[in-house]
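For reference, the structure is listed below as structure tokens.
Just so you know, all these numbers are worked out from the coordinates, no wet-lab data involved. Because the structure is a prediction, the values reported are computed rather than measured. Virtual Cβ from ideal backbone geometry, glycine too; neighbours counted across all protein chains shown.
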Amino acid sequence: MRITRTVAGRSRRTAVMATTGLTAAALLLTGCGDSESDSEGADANGNITLTLADFGQFGYKEAGLFEKYHELHPNITVKANTSADEKVYYPKFLQQLNTGSGLADVHGVEVGRVKELVDTKADAFADLSKVVDTDQWVNWKALQATTDDGKVIGAGTDIGPMSICYRRDLFEKAGLPTDRTEVAAKLAGGWEDYLALGEEYKKKAPKDTFFMDSASAMYNGVVGSNEEQYYSKDGKAIYKESAGVKEGWNLATQAVDKGLSQGLAQFTDEWGVALRKGSIASVACPAWMAARIATDSGDAYKGKWDIALTPGKTAANWGGSFLAVPAKGKHVKEATELVKWLTAPEQQAAVFKAAGLFPSNKGAYELPDVKTAKLEYFNNAPIGEIYAEEAQVIPAAVLGPKDGVIKDTISTQINNMEQRGTSPDDAWEAATKALDKVIG
């Protein structure tokens, strides 16, 4: 099956694939690093230790890549320092960059932070354009970590092309289509169609179920399909005027007003309980989300979930990361070679197979572990095919230094509308006031 989508002017973190033979429980392994792993200089035999600092799950340990790299380079051992919370990790990383002390040889960078580093800290990083071929990545990914003069401060790891994850059994009980191509056809006009489908669902919804988990999650999907989101091309913060933000906000408020959402902030305990109880019929679903859904929903709903293309004619991205090499690291040359290897097609495909993180390297899309991958938990959805098609037509979004802060602040106020009954006007005022203090 070939999934196609056309866009005017353009050709257009998850569960383990059924082909791997692994269980859903393996999908959401948390990378665990040594609590301390200082990289010292080479010993008398020329052996060195490279440290890699990251957050959450990058999939390298799950895929056994550090051990494999040691086999290829017997004098190099790679150790990871993994932080559970990126919001704790990043301020510490900035402090390390400012002082030049405590830096690892390689650092992970979340997409919502990369523009700030490109604009304000580019000199603090090795230029990876001398080592990696940025043409291997989807074009918009490479642009995110590239300065105006062509310096590349980070090599792309995973990305988060969007889809809709939905419960086939609940859709059927509500009289909606269940086939993924038919569901995608119902959503072809855009996120407005997603709300319209939600209203259809609500008319015959099974008792104690809701069409979507969170209006704020849908909001992120809407905004992610726009080229201009929170900043203009000249670097001005435009979240108050952005057409994408306005569209996302208006649709989110409609979802709340129509009672289509269960009002659960994603990744909270309450959200996980709702998935386990089976009360959520659909989720705005970047590639890495499938793992969390499968883990929290459990064996009772295996095969009852499915995946359809994201609403509309323009794909969207939500999430993704980079690997960067601090210029003041102890082993810059060796670290850049490690980054080149970890972000090559074969290694990105291995991470996808082991942890479900979708590659940003286009070469991985033609490898069997990606191209023919199916997601057993999601009714054998051809996940490699779906997300590869989406990834290559996502708009090259304009990023800004405080994208992550803006997104989180607005999402919090949407959650307040759902959970506390805050009016849309009051919620928007609270969001903009908070952001004015941060951004000015």
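Results, tabulated for the structure shown:
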| quantity | calculated |
| --- | --- |
| Leading residue at positive end of dipole, the chain (Cβ point charges), from Gly190, Asn415, Pro326 | Gly190 |
| Mean Cβ neighbour count within 10 Å, used as a protection proxy, ranking 118-129, 197-208, 272-283 highest first | 272-283, 118-129, 197-208 |
| Gained length - Asp148 relative to Asn250, 0.36 nm times residue gap less alpha-carbon distance | 33.3 nm |
| Global size of the chain as Cα Rg and Dmax, reported in angstrom | 21.4, 73 |
| Cα gyration tensor category, rounded, prolate or oblate, for region 165-222 with a/c compared to 1.5 | oblate |
| Label-point separation in nm, Ser232 to Ala84, each point 7 Å along Cα→Cβ | 4.3 |
| FRET efficiency estimate (nearest 0.05) - Cβ-Cβ, Asn45 to Lys277, R0 60 angstrom | 0.55 |
| Surface/4 estimate of mean projected area, convex hull on alpha-carbon atoms of region 146-247, nm² | 9.0 |
| Relative packing of peptides 179-192, 350-363 - highest average C-beta neighbours within 10 Å first | 350-363, 179-192 |
| Which of Ala155, Val131, Gly112, positive extreme of dipole for region 81-166 (C-beta unit charges) | Gly112 |
| Difference of contour (0.36 nm per residue) and Cα-Cα distance, Lys68 to Thr268 | 68.5 nm |
| Region 35-176: C-alpha gyration tensor shape, a/c 1.5 cut-off, then a/b vs b/c | prolate |
| For region 214-372: rounded, prolate or oblate by the Cα gyration tensor [a/c cutoff 1.5] | oblate |
| Beta bridges per DSSP with both ends in the chain, % antiparallel, nearest 5 | 70 |
| Estimated inter-spin distance, Glu199 and Lys340, nm [label 7 Å along Cα→Cβ] | 5.7 |
| Charge dipole of the chain about the Cα centre (unit charges at C-beta), most positive-ward option of Gln348, Ala396, Gln144 | Ala396 |
| Globularity index of region 343-440, i.e. its alpha-carbon radius of gyration over 2.2 N^0.38 Å | 1.54 |
| Charged-residue dipole, Cβ positions (Lys, Arg, Asp, Glu), region 369-440 about Cα centre, Debye nearest 20 | 200 |
| Charge dipole magnitude, Cβ of K and R +1, D and E -1 - the chain, Cα centre, debye nearest 20 | 780 |
